[in-house]
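Participant: Just passing along the structure, written as structure tokens.
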Amino acid sequence: MGINILGMGSYVPGQKLTNNDFTRFIETNDEWIRTRTGIVERPMAGWEPTWYMGLKAAEKAVQRAGIDPKEIGLVISTTATADFHTPSMASIIQDKLGAANAGAFDLNAACTGFVYALDTARRFVETGDEKYVLVVANESLSRFLDFTDRGSCILFGDGAAAAVIEKSSKLYSSALGSDGSGGKLLCARALNVAPEVRTEAPDDFTDEFPDMPLHKLFQNGKEVYKFATCALPRSFELAAQKIGITKDDIDWFVPHQANIRIIETAAKKLGAPMEKFIVTLDHYGNTSSASIPLALNEAIEKGTIKRGQKLALIGFGAGLTFGGIILEY
Ligand code: COA
């Protein structure tokens with residue numbers, strides 16, 4: 001039992017940072033960023049709250065789905081960059097959208113969030129409990145980037161994308177995974193801990209990385225890179241083996257958009273041509289959980305991805321998490 005993606009929408013803020021913009025405050029250059037990551041520019045939220053971008057994307061998705069917001073039974077918002085610890089982004093979006101009959105919660109699986117949320121949503125429609133579920137991926141990573149760390153701040157962008165799904169009998173398989181032992185390789189502290197008790201807290205990540213900044217994204221780029229190049233093919237293979245299909249059956253791979261070299265290495269490991277991979281990171285950067293649906297929506301809007309084609313959505317991210325969904329569009 002699978003899902004039908006009834007309608008999708010996306011929203012990115014109008015402001016952006018180009019590679020050259022970074023040369024004003026860190027030691028870097030356009031050539032280094034392009035060749036090491038494939039990124040050219042990335043949207044920046046500025047004044048726009050995370051939920052606002054999510055709402056804009058959700059409005060388009062609902063309109064394209066051709067349904068009344070009151071028919072939505074559940075709103076799941078994926079974010080690692082919520083505007084509030086509480087209320088959830090999902091509750092704010094549910095209200096502003098007029099989804100008066102929907103439940104709402106946030107889901108945080110970092111950059112793998114959309115894969116996790118779509119698979120969670122699938123279970124709600126599969127049981128028949130809800131007819132339509134809205135998944136909204138919205139992220140403002142710029143809010144917790146350490147703009148003095150040239151190894152991480154150049155990677156990320158802000159944006160949102162949303163999908164309305166319903167039950168269907170189309171092809172579907174999924175696999176979700178996590179290796180929490182790698183949590184400290186990519187993290188940002190939520191609540192403050194007094195410096196005098198910080199080092200006494202069990203498993204405090206600062207034991208290993210004393211320079212980790214409070215409330216800013218900390219990343220061990222090399223280790224995350226190694227994890228990512230294995231996690232992407234693994235996410236596909238775990239989902240594929242459940243339904244006995246191979247990479248040759250897939251029309252389009254829609255990978256998490258972190259670094260072009262990660263995607264190229266994953267393609268090689270899978271033995272699939274790069275031409276089958278949707279790439280949007282050049283103009284969006286890494287938008288965390290919004291990256292896969294932003295890429296998916298753009299490819300649908302351009303007519304690259306067509307109804308009836310088989311897709312593999314494959315992601316990885318902080319946690320460390322990973323996950324894949326194979327579905328027919
Ligand atoms: N501009 C110029 N030089 C930079 C730079 C930048 N923006 N960032 C790092 N460098 C420098 C380093 O300081 C280092 O200099 P040194 O040799 O003098 O010490 C040199 O470039 C090489 O650094 P290194 O870390 O080996 O580069 P890399 O090829 O591994 O690329 C990343 C770094 C971050 C691009 C890469 O490791 C990566 O993409 N990792 C995965 C990150 C990721 O995807 N995170 C999100 C997961 S959801």
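The values are calculated or read from the model by the stated rules, or taken from the named source; none is laboratory data. Quantities reported herein were computed from a predicted structural model and do not represent experimental measurements. As a convention, Cβ positions derive from the backbone with ideal geometry for all residues, glycine included, and neighbour counts pool all protein chains shown.
Participant: With the structure loaded, tell me whether residue 236 is buried (at least 20 other Cβ atoms within 10 Å of the Cβ) and within 12 Å of the ligand (Cβ to nearest atom) or whether it fails that test.
Facilitator: no
Participant: While we're on this one: Any residue at all in the stretch 68-78 that's within 16 Å of the ligand (Cβ to nearest atom), in the same structural domain as residue 158 (by TED's automatic domain parsing), of a type outside the set (D, E, K, R) and under 16 Å from the mean Cα position of the chain (by Cα)?
Facilitator: Yes; the residues of the stretch 68-78 include at least one that is within 16 Å of the ligand (Cβ to nearest atom), in the same structural domain as residue 158 (by TED's automatic domain parsing), of a type outside the set (D, E, K, R) and under 16 Å from the mean Cα position of the chain (by Cα).
Participant: Restricting to the stretch 122-137, name every residue that is away from the ligand (no atom under 16 Å from the Cβ) and in contact with a Ser or Thr (Cβ under 8 Å, 6 or more places away or on another chain).
Facilitator: 122, 135, 136
Participant: Continuing with the same structure: What are the residue pairs meeting all of these: first residue in the stretch 261-274, first residue of a type in the set (Asp, Glu), second residue part of a helix (DSSP H, G or I) and away from the ligand (no atom under 16 Å from the Cβ), Cβ atoms under 8 Å, and 6 or more apart or on different chains?
Facilitator: 264/274
Participant: On to the next question. Taking the condition of being assigned to a loop (DSSP other than H, G, I, E, B) and either crowded, with 22+ Cβ neighbours inside 10 Å or at pLDDT below 95 (or both), how many residues in the stretch 130-143 meet it? Walk me through it before giving the result.
Facilitator: If we filter the stretch 130-143 for residues that are assigned to a loop (DSSP other than H, G, I, E, B), which is where we start, we get 130-131.
Then drop every residue that is not either crowded, with 22+ Cβ neighbours inside 10 Å or at pLDDT below 95 (or both), which leaves 130.
Qualifying residue count for the region: 1.
Participant: Ok, one more. Would you say residue 301 is more than 20 Å from residue 239 (Cβ to Cβ), more than 14 Å from the ligand (Cβ to nearest atom) and more than 19 Å from the chain's Cα centre (by Cα)?
Facilitator: no
Participant: Can you pull out the residues in the stretch 226-249 that are more than 21 Å from the chain's Cα centre (by Cα) and of a type in the set (A, V, I, L, M, F, W, C)?
Facilitator: 243, 245
Participant: Then there is this: Hey, among the residues in the stretch 158-194 that are in a strand (DSSP E or B) and within 15 Å of the ligand (Cβ to nearest atom), which one's nearest to residue 60 (Cα to Cα)?
Facilitator: Only one residue tops the list, namely 159.
Participant: Tell me whether the stretch 272-286 contains one or more residues that are among the polar types (S, T, N, Q), in contact with a Cys (Cβ under 8 Å, 6 or more places away or on another chain) and either near the ligand (Cβ under 10 Å from one of its atoms) or modelled with pLDDT under 95 (or both).
Facilitator: Within the stretch 272-286, one or more residues are among the polar types (S, T, N, Q), in contact with a Cys (Cβ under 8 Å, 6 or more places away or on another chain) and either near the ligand (Cβ under 10 Å from one of its atoms) or modelled with pLDDT under 95 (or both).
Participant: For a quick check of your reading: which helices (runs of 4 or more DSSP H) sit entirely within the stretch 240-326 and have at least 2 residues that are surrounded by 21 or more Cβ atoms within 10 Å (Cβ to Cβ), outside the structural domain of residue 38 (by TED's automatic domain parsing) and in contact with a strand residue (DSSP E or B) (Cβ under 8 Å, 6 or more places away or on another chain)?
Facilitator: 260-270, 291-301
Participant: Take the stretch 131-148 and flag every residue that is of a type in the set (Asp, Glu) and touching an Asp or Glu at 6+ places or on another chain (Cβ under 9 Å). Before you say what the answer is, go through the steps one by one.
Facilitator: Let us first name the residues in the stretch 131-148 that are of a type in the set (Asp, Glu), namely 139, 146.
The one that is of a type in the set (Asp, Glu) and touching an Asp or Glu at 6+ places or on another chain (Cβ under 9 Å): 139.
Participant: For the stretch 204-223, does any single residue satisfy the condition of being touching a strand residue (DSSP E or B) at 6+ places or on another chain (Cβ under 7 Å), of a type outside the set (Ser, Thr, Tyr) and either under 18 Å from residue 112 (Cβ atoms) or at pLDDT 95 or above (or both)?
Facilitator: Yes, some residue in the stretch 204-223 is touching a strand residue (DSSP E or B) at 6+ places or on another chain (Cβ under 7 Å), of a type outside the set (Ser, Thr, Tyr) and either under 18 Å from residue 112 (Cβ atoms) or at pLDDT 95 or above (or both).
Participant: Just give me the residues in the stretch 1-56 being surrounded by fewer than 16 Cβ atoms within 10 Å (Cβ to Cβ), of a type in the set (A, V, I, L, M, F, W, C) and touching a helix residue (DSSP H, G or I) at 6+ places or on another chain (Cβ under 7 Å), in sequence order.
Facilitator: 1
Participant: While we're looking at this one, here's another question. Taking the conditions exactly as written (closer than 21 Å to residue 232 by Cα and either more than 20 Å from the chain's Cα centre (by Cα) or of a type in the set (D, E, K, R) (or both)), does residue 146 satisfy them or not?
Facilitator: Here the answer is no, as residue 146 does not meet what is asked.
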